[in-house]
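K.L.:
First the structure, then my questions, so here it is.
We did not get these values from a lab; they are worked out from the coordinates using the rules stated. Computed from a predicted structure; not experimentally measured.
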Amino acid sequence: MATCQLSTCENATADGIRSHFGGPPADGMRRLVLADPLDGCKPLRNVDDARSAVVIATRGSCTYTNKARNAQEASASALLVVNNEQGLLHPPGPDGMDLEIFSGMIPQPEGRALIEAMSGSSDPTQGALVPMNCNKKSGIGSSNQQCHAAAKADRDIVDGLTLGGFVHLPGGDKFEYLLAGFGVKVPLGELEMGAPLNPSGACAPMPKEAATAAVGKAIVATRGECSFIEKAEAMGAGPGERVGALIVKNSETALFHMGAAPRWRGANISLPIVLVTDVAGHAISTLPPDSTIRFAPSEHVTLAAWDEIERLKEASVWPKETQERQTLYETLVTRNAGFPDRVSAIQGAFSRVCSWGEEGEGIAGQGGGDAERRETGDADTTSVKL
């Protein structure tokens, strides 16, 4: 994965696939430079800039090993090739077994955006190549624990990325979203809403007439009936049938990064895909067709914040005493006043824990009373920091 820090693409990311040749990726933040010539097929003219940097080159005109060899001879630390079509592949290189430089491929949409941003700015661009280790899990599940960076330094880089934000609706309402673990980034301009899907699960390609009408528009699909990756594949079934963004409405007030399993199945997805809560999904799906929405990435919308919200579903998080529970609830609502999705989730968790208390169940969990808490050594309360 390459990350980019630039005024026009700050905290942008691109999933990449390494080549069948070359060494491991360079660690830490590195300068990103465009190859000169851009296809990297001749010895680089910008040798001084390329030294120790990650060189970005376009696909085509010569072999992958030719590009990598030119980058290595310029003392670059890595080569990233921008694909010239949708999807990704492992760049082959039967004649590149002697090469030590890391090389890989990144998708066309992110690669083009990166090249445009770097070409139009004199500011230095930095990025990191972060190897991701992925566990095999169901494609229906989230990617929260599916893929992670192994090294702490790499995890720190990943944790600093902006992978969520707000969906702004007409009238001023805004709701949170988190990006899927596959697909491309959301468009930053206004986006028209498409007609409601029928059926709403987006588990099969749309009829030709509906697909044509949905090109470039935001479409809302409900969670369930098929995996997240199957929804993405159905909505991006072919040229001319690609929607502008796929918004998946969760079945509960919760957010996570949707995953694909096996992970390579998500490499060819060229749609922006986001998850919103049930509250947000209802508001968005009831907008009239041709209404406009706007995505705004935000560093304040994070998986970590929603993991903390998820913990509120555990009874042991809440104080046993009624007044203390009420105080914690009011504190959490006040602290999250600018996040309507989170407030709704907090209200739901508080209502459930109050109903457990009214039914005489132990606040520490169903069937667990004071004796069980003493045996396990658990405290009556657990602090929550949101």
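K.L.:
Using Stokes-Einstein with the Kirkwood hydrodynamic radius over Cα pairs, what translational diffusion coefficient do you get for segment 164-297 at 4 °C and a viscosity of 1.567 mPa s, in µm²/s rounded to a whole number?
P.N.:
90 µm²/s
K.L.:
Here is a follow-up. Taking every DSSP beta bridge with both residues inside segment 165-277, roughly what % is antiparallel (nearest 5)?
P.N.:
In segment 165-277, DSSP labels about 40 percent of beta bridges as antiparallel.
K.L.:
Any of Lys174/Lys249; Lys174/Lys231; Lys185/Lys249 with alpha carbons more than 20 Å apart? Name them for me.
P.N.:
Lys174/Lys231
K.L.:
Once you order the gyration tensor axes a ≥ b ≥ c over the Cα atoms, which shape class does segment 279-318 get: rounded for a/c under 1.5, otherwise prolate or oblate by comparing a/b with b/c?
P.N.:
It is oblate, given that a/c is not under 1.5 and a/b is not larger than b/c.
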